[in-house]
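I have placed the structure first, in the form of structure tokens, so that the comments after it can refer back to it.
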Amino acid sequence: MAGRLQSKVAFVTGAGRGMGRSHAVRLAREGADVIALDVAGELPGIAYDQPTPEDLDETVRLVEAQDRRIVPVRADVRDLDGMRAAVDAAVSELGRLDVVVANAGICTPSAWDKVTPQQFQDTLDINVTGVWNTVMVGAPHLVTAGGGSIILISSAAGLKVQPFMVHYTTSKFAVRGMAKAFATELARHSIRVNSVHPTGVATPMGTGDMQAALGAAMADDQRLGVMFMNMLPVETTQPEDVSDLVAFLASEESKFITAHELAPDAGVTEM
Ligand SMILES: NC(=O)c1ccc[n+]([C@@H]2O[C@H](COP(=O)([O-])OP(=O)(O)OC[C@H]3O[C@@H](n4cnc5c(N)ncnc54)[C@H](O)[C@@H]3O)[C@@H](O)[C@H]2O)c1
């Protein structure tokens, strides 16, 4: 049976590991060829394990195992010109572009008065400007293709306030607004733009000293810890749970869904 994305091409950022890798593999399983972009190297100020070039190699292996083509790109989403050159070349090679998934992001939890100016700047540069850059290099190719789907990965922290991450929450609310703004102007090209708001997901973002960093921030006000509790009886979700939604948004099944927030959040944003 043909997949839902047969003959399509998808561009995924942060595709080296975690949810981005899962989205790349899932879209390939649905029939899409993939442009997989990742910095695959050191990220600023993070407490969790640093991404590596081998992570991106593994994504390549997994997509090829689906019998799909993949063009890996080592680039930083903060570098608009570098990203545009690489994506333009990859689209020439693969022939078209139909789906954009702006997923790359960082998270550096801290109590409000311990967030440094550098952390605030890095978070906005990667999580907001990086997403804008991604749409700016991808959307013109969707216009050429006559339509498509742009999926911006926000967070539960882009729908409801979460404590100990003023800078991250700021960035994820911005992404939600950006999706609506792009959706409005790209609609005439039959391009849909939606934001996705996961609850906690088991990815490398939770490794290394991340739990200690969260614990240290939470020591400031333990009561706020309940704001992370899911309504459904699950501690955490899996990358594939979010990829299910990404695949739906990439497909024709969601053809009349645009300018919306969709939340695989286990109900956390209503708690
Ligand atoms: N893990 C969670 O609990 C969770 C929950 C909600 C939303 N999110 C969001 O989901 C997205 C993916 O997170 P994840 O958990 O898979 O994290 P992750 O750290 O496992 O993966 C993120 C990937 O993005 C890449 N990346 C980061 N900054 C980049 C940059 N400047 N340029 C290019 N690539 C860059 C990293 O190298 C990494 O491969 C992020 O936007 C994150 O904020 C995560």
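The values are calculated or read from the model by the stated rules, or taken from the named source; none is laboratory data. The shown structure was predicted, so the numbers you read here are calculated from the model rather than taken from an experiment. Counting neighbours? That spans all protein chains shown, and the Cβs are built from the backbone with ideal geometry, glycine included. Ligands, DNA and RNA are excluded from the accessible area calculation, which covers all protein heavy atoms including side chains. Shrake-Rupley method; radii C 1.70, N 1.55, O 1.52, S 1.80 Å.
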Enumerate the calculated ³J(HN,Hα) couplings along region 50-60 in order (Karplus 6.51 cos²θ - 1.76 cosθ + 1.60, θ = phi - 60°), each rounded to whole Hz, writing x wherever the residue is Gly or Pro.
6, x, 10, x, 5, 4, 5, 4, 5, 4, 4
Taking the highest mean first, how do the peptides 225-232, 134-141 order by number of other beta carbon atoms within 10 angstrom per residue?
134-141, 225-232
For region 111-248, build the charge dipole from Cβ charges (+1 Lys, Arg; -1 Asp, Glu) around the Cα centre, then report which of Phe228, Ala111, Asn194 sits farthest towards its positive end.
Asn194
Taking Cα pairs under 8 Å and at least six residues apart, what relative contact order does the chain come out at, in percent?
21 percent
May I ask for the equivalent-ellipsoid semi-axes of region 63-168, computed as the square root of five times each C-alpha gyration tensor eigenvalue and listed largest first in whole Å?
31, 14, 13
Once the Cα gyration tensor of region 183-234 is diagonalised, what are the square roots of 5 times its eigenvalues, in whole Å and ordered largest first, as equivalent ellipsoid semi-axes?
34, 14, 12
So, counting K/R as plus one and D/E as minus one, what does the shell of residues with Cβ under 9 Å around Met231 add up to?
-2
Rounded to 0.05, the calculated FRET efficiency for the beta carbons of Val143 and Gln121 at R₀ = 41 Å is 0.85
For the Met231, Ser92 Cβ pair and Förster radius 35 Å, calculated FRET efficiency rounded to 0.05 is 0.15
Would you compute, from DSSP H runs of 4+ residues alone, the mean residue ellipticity of the chain at 222 nm, taking -39500 (n - 2.57) per run and dividing by the full residue count, rounded to the nearest 500?
-12500 deg cm²/dmol
Extension length gain for Asp49 and Leu224 (0.36 nm per residue less Cα distance), in nm, is 60.4 nm
Based on the mean of other beta carbon atoms within 10 Å per residue, what is the order of 41-53, 245-257, most packed first?
245-257, 41-53
Semi-axes, largest first, in whole Å: what does sqrt of 5 times each Cα gyration tensor eigenvalue give for the chain?
29, 19, 18
Neighbourhood charge, 15 Å Cβ-Cβ cut-off, centred on Thr108 and excluding it, Lys, Arg +1 and Asp, Glu -1:
-4
Point-to-point label distance, Asp209-Met136, nm (Cα→Cβ direction, 7 Å offset)
3.4 nm
So what's the net charge close to Val99: Lys and Arg +1, Asp and Glu -1, counting the other residues with Cβ under 12 Å from its Cβ?
+1
Counting only protein heavy atoms and using a 1.4 Å probe, what share of the accessible area of the chain belongs to carbon plus sulfur, as a whole percent?
55 percent
Enumerate the amide H contacts of Val34 below 5 Å, restricted to partners 5 or more residues apart or on another chain; note that Pro and chain-start residues carry no placed amide H.
Ala10, Arg69, Ile70, Val71
List the residues whose amide H sits under 5 Å from the amide H of Ile191, counting only those 5 or more places along or on another chain, with H placed 1.01 Å from N in the peptide plane.
Gly148
Under a straight-distance cross-link criterion of Cα-Cα below 24 Å, which lysines are reachable from Lys114, leaving out those fewer than 8 residues away in the same chain?
Lys160, Lys172
Ordering 111-121, 210-220 by per-residue average of other C-beta atoms within 10 angstrom, highest first, gives 210-220, 111-121
